[in-house]
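Everything on this sheet refers to the single structure shown next.
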Amino acid sequence: MFFKQFVDEGLGNSSYLIGSEEAGLAAVIDPQRDVDRYVQVAEGLGFRLTHALDTHLHADFVSGVRELAAQVGLQIGASADAQLAFDHLPLHEGDTLALGDLTIGVLTTPGHSPEHISFTVTQARQPQPSTIFTGGSLIVGGAARTDLLGHAMTIPLARRLYHTIHHKLLALPDAVDVYPTHGAGSFCVAPTSSDRVTTIGQERIGNPLAQPQTEEEFVARALSGLPSHPVYYKEMRPINQRGPKILGGVPQLPPLSPEEVQAWMEQGGAVLDVRPSRAIAEGYIPGAYGIALTAPLTTWVGWLIPFGTPLVLVTGGSADREQAVRQLIRIGYDDLRGYLDGGLSAWEAAGLPTARMAMMSVAELRERLGSGDAPVVLDVRQDAEWTAGHIPGAIHIENGRLPYMDLPLPIDRPIAVHCQHGPRATAGLSVLARRGYRNLVLVKGGFVAWQVAGFEVERG
């Protein structure tokens with residue numbers, strides 16, 4: 001069996017290419033939308049792609065199964081309970097798919113979502129599967145969350161997840177390799193481990209959800225410690241169910257002159273600057289969103305920019321532009337109108353205005369906190385980070401809430417914004433500027449710099 005894992009560190013997810021070397025046939029499991037990666041690897045190794053399989057209706061990215069089918073003519077396989085509105089093979093418990101000398105089996109594994117299935121792989125002349133692709137039903141040290149479909153379904157899905165893990169997945173042999181879709185960095189899970197692969201035996205020993213426990217204990221444990229999740233999640237499931245738009249490849253954006261971008265903004269168009277956060281802070285187009293490519297875009301664009309917003313990009317070069325487009329189409333931000341030709345240098349050369357983010361060191365911040373013109377300190381990290389430790393007297397609002405929350409922030413006082421290191425605060429500050437706040441200051445180095453300096457930390 002040939003096997004290759006494709007890891008998206010930004011989304012915290014993995015997709016997989018598996019193939020029969022004997023037959024030269026291959027399948028992709030939980031593909032993302034920029035499918036050229038899978039096609040290139042398969043063709044380069046002499047495989048013919050025959051199947052694209054989804055474990056569930058994804059809430060965090062646009063599925064690439066339709067894109068693959070359009071490009072190479074393969075068969076789409078998905079849970080019958082997903083009720084997809086496009087051509088596919090509906091799969092049920094016990095169904096099998098032949099991939100040369102490999103047999104792909106279907107297990108219904110609801111919990112993370114009601115229609116969830118997992119795929120086992122059994123090699124020729126073997127009585128038991130050697131591998132299972134579990135999607136979100138079992139991950140390293142846990143399982144994917146059950147609260148993404150609303151409060152009414154959260155506990156019922158957690159109960160179904162209990163039976164999936166304890167009565168189905170743990171019935172597999174300890175030696176079975178487990179390849180989840182969700183992992184470290186995904187907001188579909190509570191933080192557990194940086195590992196992305198495991199075995200049934202390892203999870204039986206070390207996974208808190210796999211330990212002997214009552215159903216009630218399991219539900220309480222499964223629902224504890226869940227972080228907030230990006231608001232674009234609510235858009236993904238319906239898109240994946242009705243069928244994503246087929247792009248025909250990674251879009252190539254047209255170059256736009258500074259004057260064209262200026263006219264776009266004057267008409268109310270949105271500009272997204274994806275350069276490194278330090279470069280954004282040192283100079284950016286007023287009114288632009290400033291979300292660094294490494295923030296990552298897949299999380300923070302989907303949290304801070306309304307879904308469906310047409311965008312013009314400002315990038316540092318062609319490689320960054322391609323990576324930005326890939327990240328954006330993965331989460332359904334398809335309406336990309338072009339990019340600023342020549343970048344910010346061209347904008348400045350055209351004599352158009354730029355802005356800089358005021359910056360302050362943690363030493364300056366601490367000194368000013370004891371003065372008469374003390375700034376308001378705004379901590380935009382996640383709840384768990386805040387609870388673990390924060391600057392005394394700071395206001396806490398998660399970054400993802402800044403675009404739509406009724407903010408308890410003064411207009412007439414300086415606001416010192418920080419996150420853990422800097423990129424999230426830069427993005428949040430650009431959102432605050434768009435909302436009319438003018439006296440904004442970026443705290444250099446974030447909370448880490450505050451801690452390293454040995455300044456006071458409040459916990460809880």
Which one of these is free of Cβ contacts under 8 Å to residues at least 24 places away in the same chain, on the phi > 0 side of the Ramachandran plot and either in contact with a Leu (Cβ under 8 Å, 6 or more places away or on another chain) or open to solvent by 50 Å² or more (accessible area, probe 1.4 Å) (or both): 268, 243? 268
When residue 23 is run through (1) part of a loop (DSSP other than H, G, I, E, B); (2) touching a strand residue (DSSP E or B) at 6+ places or on another chain (Cβ under 8 Å); (3) buried (at least 23 other Cβ atoms within 10 Å of the Cβ), the failure sits at (3)
So which of 429, 409, 440 ends up being open to solvent by 10 Å² or more (accessible area, probe 1.4 Å) and touching a residue at least 40 places away in the same chain (Cβ under 8 Å)? 440
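Residues are listed down the side, and each one gets a yes or a no for (1) modelled with pLDDT of 95 or more; (2) in contact with a helix residue (DSSP H, G or I) (Cβ under 9 Å, 6 or more places away or on another chain); (3) in a loop (DSSP other than H, G, I, E, B); (4) crowded, with 20+ Cβ neighbours inside 10 Å:
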residue: 227; (1), (2), (3), (4): no, yes, yes, no
residue: 238; (1), (2), (3), (4): yes, no, no, no
residue: 250; (1), (2), (3), (4): yes, yes, yes, no
residue: 262; (1), (2), (3), (4): yes, yes, no, no
residue: 307; (1), (2), (3), (4): yes, yes, yes, no
Give region 198-215 a look and list any residue that's open to solvent by less than 20 Å² (accessible area, probe 1.4 Å) and not in a loop (DSSP other than H, G, I, E, B), or say none. 198, 200, 201, 203, 209, 210
Sort out which residues of region 1-20 are among the hydrophobic types (A, V, I, L, M, F, W, C) and open to solvent by 20 Å² or more (accessible area, probe 1.4 Å), and write them in order of number. 1, 2, 3, 6, 7
Within region 445-460, can you find the residues that are surrounded by fewer than 14 Cβ atoms within 10 Å (Cβ to Cβ), more than 14 Å from residue 381 (Cβ to Cβ) and either in contact (Cβ under 8 Å) with a residue 60 or more places away in the chain or charged (D, E, K, R) (or both)? 453, 456, 460
Please work out which residue is nearest to residue 447 (Cα to Cα), limiting yourself to region 341-379 and to residues that are at pLDDT 95 or above and hydroxyl-bearing (Ser, Thr, Tyr). 361
Identify the residue in region 41-74 that is over 26 Å from the mean Cα position of the chain (by Cα) and assigned to a helix (DSSP H, G or I) and, among all such residues, is nearest to residue 332 (Cα to Cα). 72
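Condition check ((1) among the aliphatic types (A, V, I, L, M); (2) more than 27 Å from residue 300 (Cβ to Cβ)) across all residues:
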position: 10; (1), (2): no, no
position: 16; (1), (2): no, no
position: 26; (1), (2): yes, yes
position: 32; (1), (2): no, no
position: 43; (1), (2): no, yes
position: 47; (1), (2): no, yes
position: 51; (1), (2): no, yes
position: 56; (1), (2): no, no
position: 79; (1), (2): no, yes
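Could we say that residue 275 is in contact with a strand residue (DSSP E or B) (Cβ under 8 Å, 6 or more places away or on another chain), assigned to a loop (DSSP other than H, G, I, E, B) and crowded, with 18+ Cβ neighbours inside 10 Å here?
So residue 275 fits the description; yes.
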Apart from one, (1) closer than 16 Å to residue 134 by Cα; (2) open to solvent by 10 Å² or more (accessible area, probe 1.4 Å); (3) among the polar types (S, T, N, Q) all hold for residue 50; the odd one out is (1)
Only one of 379, 335 is open to solvent by 50 Å² or more (accessible area, probe 1.4 Å) and either within 18 Å of residue 435 (Cβ to Cβ) or touching a strand residue (DSSP E or B) at 6+ places or on another chain (Cβ under 8 Å) (or both). Can you tell me which? 335
So is residue 294 in contact (Cβ under 8 Å) with a residue 12 or more places away in the chain, of a type in the set (Val, Ile, Thr) and in a loop (DSSP other than H, G, I, E, B) or not? yes
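So that you can scan it fast, the table gives a plain yes or no per residue for (1) within 22 Å of residue 225 (Cβ to Cβ); (2) touching a helix residue (DSSP H, G or I) at 6+ places or on another chain (Cβ under 9 Å):
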{"site": "380", "(1), (2)": "yes, yes"}
{"site": "393", "(1), (2)": "no, yes"}
{"site": "400", "(1), (2)": "yes, yes"}
{"site": "408", "(1), (2)": "no, no"}
{"site": "411", "(1), (2)": "no, no"}
{"site": "424", "(1), (2)": "yes, yes"}
{"site": "437", "(1), (2)": "no, yes"}
{"site": "445", "(1), (2)": "no, yes"}
By residue number, the members of region 312-370 that are within 14 Å of residue 262 (Cβ to Cβ) and of a type in the set (D, E, K, R) are 337, 341, 348
Options 120, 154: the member that is closer than 16 Å to residue 108 by Cβ and either open to solvent by less than 40 Å² (accessible area, probe 1.4 Å) or modelled with pLDDT of 95 or more (or both): 120
The lone exception for residue 327 - which of (1) open to solvent by 50 Å² or more (accessible area, probe 1.4 Å); (2) touching a residue at least 24 places away in the same chain (Cβ under 8 Å) it fails: (1)
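The values are calculated or read from the model by the stated rules, or taken from the named source; none is laboratory data. Please read all numbers here as calculations on a predicted model, not as lab measurements. Neighbour counts run over all protein chains shown; Cβ positions are idealised from the backbone, glycine included. Protein only, heavy atoms only, side chains kept; ligands, DNA and RNA dropped before computing areas. Shrake-Rupley method; radii C 1.70, N 1.55, O 1.52, S 1.80 Å.
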